[in-house]
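Asks: This structure is in structure tokens; I'll ask about it shortly.
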Amino acid sequence: MTHITSRAVRIDQNGGPEQLKIVEVTVGDPGPGEIRIRHKAVGLNFIDTYQRSGLYQLPMPLQLGMEASGIVEAVGEGVTHLKVGDRAAYASQPPGSYCEVRVMPAKCVCKLPDDISFETGAAMMLKGLTVQYLLRRTQPQGGLQAGDFVLFHAAAGGVGLIACQWARAMGLQLIGTAGSDDKCALAKANGAAYAINYAKEDFVARVKEITGGKGVPVVYDSVGKDTFLRSLDCLRPFGLAANFGNASGKVEPLDIGLLAAKGSLYVSRPTLFTHIATRESTQAMADDLFDMVSSGKVKIQIDQTYPLEQVQQAHRDLEARKTTGCTVLTL
């Protein structure tokens with residue numbers, strides 16, 4: 001039996017960034033269906049702050065982190081798609097990627113192509129697979145065609161910048177929102193057809209102006225409480241509002257009658273982890289993502305890096321909306 005010591009970030013109770021502590025843990029051998037991976041880089045995501053704060057309740061103590069990249073060190077019984085020495089990356093449950101070494105389920109771990117760096121692999125898996133399921137799988141009635149408008153909130157964030165590029169590659173006209181002129185410029189530089197500074201402009205009025213009063217077929221909203229009800233006003237009849245995050249807080253309970261009054265609308269609350277529940281689905285989505293990145297159609301922008309020891313500051317900056325693009329913890 002192997003016993004390896006690893007640094008890991010853990011919380012013992014919900015709360016602010018001050019709850020994040022670096023501890024030493026012991027890592028053993030993988031069991032059936034598992035691998036042991038030594039991380040090279042770790043991705044930071046808004047869902048990590050939800051789990052830390054208690055918005056998403058999980059058992060304590062909790063080791064945080066949903067994505068990373070590294071080298072496979074050991075493979076458990078029944079794992080056939082990975083071998084020792086493989087470069088690999090993942091977005092996966094359960095949490096635990098804020099560490100040097102971990103044992104984890106193998107089904108959501110994918111071989112990382114040689115032309116994609118560990119840093120890029122760590123930064124792109126959760127965010128890139130999120131964009132994949134949104135733009136490819138979470139579509140309004142009749143799907144999306146080249147030329148269609150889509151509204152995407154937080155367009156200068158890690159998910160948003162990938163979405164801007166991916167939408168452009170699909171021929172979509174992405175209308176992005178962000179909280180400053182600089183962030184709007186960043187969204188446009190990455191492929192957004194239009195960018196709305198919601199700190200200065202009424203995004204509903206601006207969307208109606210851009211679309212000639214028709215509205216958009218779909219809104220992708222990870223902001224939540226501050227934007228969701230007004231997002232419904234941006235939709236054309238039979239449009240889809242997809243809420244996939246809660247950066248400003250949880251969306252209040254919805255009066256379903258509003259959907260009728262505003263045009264027979266559809267609402268969805270999708271999650272990445274439903275989409276990557278099987279090995280086959282995970283690989284198919286990852287292959288699409290890898291192709292987009294390797295082809296250059298999507299470039300993963302890593303704007304912030306922090307050593308593992310500065311994880312508290314990384315969380316503070318993320319929650320204060322001081323970050324753009326992707327953030328990586330280095331080991």
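Asks: What order do you get for 94-105, 5-16, 285-296 when each peptide is scored by the mean count of other beta carbon atoms within 10 Å, highest first?
Replies: Numbers: 94-105: 21.6, 5-16: 15.9, 285-296: 17.4.
Highest to lowest by the protection proxy: 94-105, 285-296, 5-16.
Asks: Based on the alpha-carbon set only, what is the convex hull volume of region 183-230 divided per residue, in Å³? Mind dumping the intermediate values first?
Replies: Details: hull volume 4.5 nm³, N = 48.
Considering the Cα atoms of region 183-230, their hull volume per residue is 94 Å³.
Asks: Any idea what % of Cα-Cα pairs in region 275-331 are farther than 16 Å? Display every interim value, and only then the final one.
Replies: On the way: 947 of 1596 pairs.
Taking all Cα-Cα pairs of region 275-331, the fraction more than 16 Å apart is 59 percent.
Asks: Right, next: Probe radius 1.4 Å, ligands and nucleic acids left out: which of Tyr266, Tyr50 has the largest accessible area, and how do the rest follow?
Replies: Order by accessible area, largest first: Tyr266, Tyr50.
Asks: If we count every other residue with Cβ under 10 angstrom of Ser117's Cβ, Lys/Arg +1 and Asp/Glu -1, where does the sum land?
Replies: Neighbourhood net charge equals -1.
Asks: So if the hydrodynamic radius of the chain is defined as the Kirkwood radius over C-alpha pairs, what does Stokes-Einstein give as its diffusion coefficient at 37 °C and 0.692 mPa s, in µm² per second? Mind showing how you got there, number by number?
Replies: Details: Rh = 20.3 Å.
Rounded, D is 162 µm²/s.
Asks: Further question: Let's see if you can work this out: charge +1 on each Lys and Arg Cβ, -1 on each Asp and Glu Cβ, no other charges. What is the dipole magnitude of region 50-125 about its Cα centre, in debye to the nearest 20? Let's see the in-between values first.
Replies: Numbers: 6 positive and 8 negative charges, 50 e Å.
With Lys and Arg at +1 and Asp and Glu at -1, about 240 debye.
Asks: Take the alpha-carbon positions of region 74-133, form their convex hull, and give its projected area averaged over all directions (one quarter of the hull surface) in nm². Before the final figure, lay out each step's value.
Replies: Working: hull surface 18.5 nm².
Here the figure is 4.6 nm², rounded to one decimal.
Asks: Reachable lysines from Lys111, Cα under 30 Å, same-chain residues fewer than 8 places away excluded?
Replies: List returned: Lys40, Lys83, Lys127, Lys297, Lys299.
Asks: Could you work out what % of the accessible surface of the chain is carbon and sulfur, using a 1.4 angstrom probe and leaving DNA, RNA and ligands out of the count?
Replies: Ligands and nucleic acids excluded, carbon and sulfur reach 51 percent.
Asks: Rounded to two decimals, what ratio of Rg to Rh does region 1-93 give with C-alpha atoms and a Kirkwood Rh?
Replies: On the way: Rg = 14.4 Å, Rh = 14.5 Å.
Ratio value, two decimals: 1.00.
Asks: Shifting gears a bit: Which lysines have a Cα less than 21 Å from the Cα of Lys262, not counting those fewer than 8 places away in the same chain?
Replies: Excluding near neighbours in sequence, the set is Lys208, Lys214, Lys225.
Asks: If you don't mind, another one. Given the options Val79, Cys99, Leu161, identify the residue whose Cα lies farthest towards the positive end of the charge dipole of the chain (+1 on Cβ of Lys, Arg; -1 on Cβ of Asp, Glu).
Replies: Leu161
Asks: Toward the positive end of the charge dipole of region 219-331, about the Cα centre and with charges on Cβ (Lys, Arg +1; Asp, Glu -1), which of Ser248, Phe238, Phe273 goes farthest?
Replies: Of the candidates, Phe238 comes out farthest on the positive side.
Asks: Next up: Averaged over all directions, how much area does the convex hull of the C-alpha atoms of region 231-308 cover when projected, in nm²?
Replies: Values: hull surface 35.0 nm².
Computing the convex hull of the Cα atoms and averaging its projections yields 8.7 nm².
Asks: Do the sum for the chain: with -39,500 (n - 2.57) for every DSSP H run of n ≥ 4, divided by all residues, what is the mean residue ellipticity at 222 nm, to the nearest 500 deg cm²/dmol? Could the numbers behind the result be given before it?
Replies: On the way: 10 runs with 91 residues, N = 331.
When only DSSP H runs of four or more count, the value is -8000 deg cm²/dmol.
Asks: Mind grabbing the accessible area of Arg52 for me, 1.4 Å probe, Å², rounded to tens?
Replies: Estimated to the nearest 10 Å², Arg52 gives 10 Å².
Asks: Can you give the three extents of the C-alpha atoms in region 188-331 along their principal axes, from longest to shortest, in whole Å?
Replies: 52, 40, 32
Asks: Further, regarding this structure: Evaluate 2.2 N^0.38 Å with N set to the residue count of region 94-173, then give the Cα radius of gyration divided by it. Mind showing how you got there, number by number?
Replies: Values: Rg = 15.3 Å, N = 80, 2.2 N^0.38 = 11.6 Å.
Against the compact-globule rule of thumb, the ratio is 1.31.
Asks: Further question on the same structure: Keeping all protein chains in place, calculate the accessible area per residue for the chain (probe 1.4 angstrom), answer in Å². Provide the component values of the computation, followed by the final result.
Replies: Values: 13350 Å² over 331 residues.
Value for the chain: 40 Å² per residue.
The values are calculated or read from the model by the stated rules, or taken from the named source; none is laboratory data. All values derive from a computational prediction rather than experimental measurement. No Cβ is skipped: glycine too gets one built from the backbone with ideal geometry, and neighbour counts run over all protein chains shown. Only protein heavy atoms, including side chains, enter the accessible area calculation; ligands, DNA and RNA are left aside. Shrake-Rupley method; radii C 1.70, N 1.55, O 1.52, S 1.80 Å.
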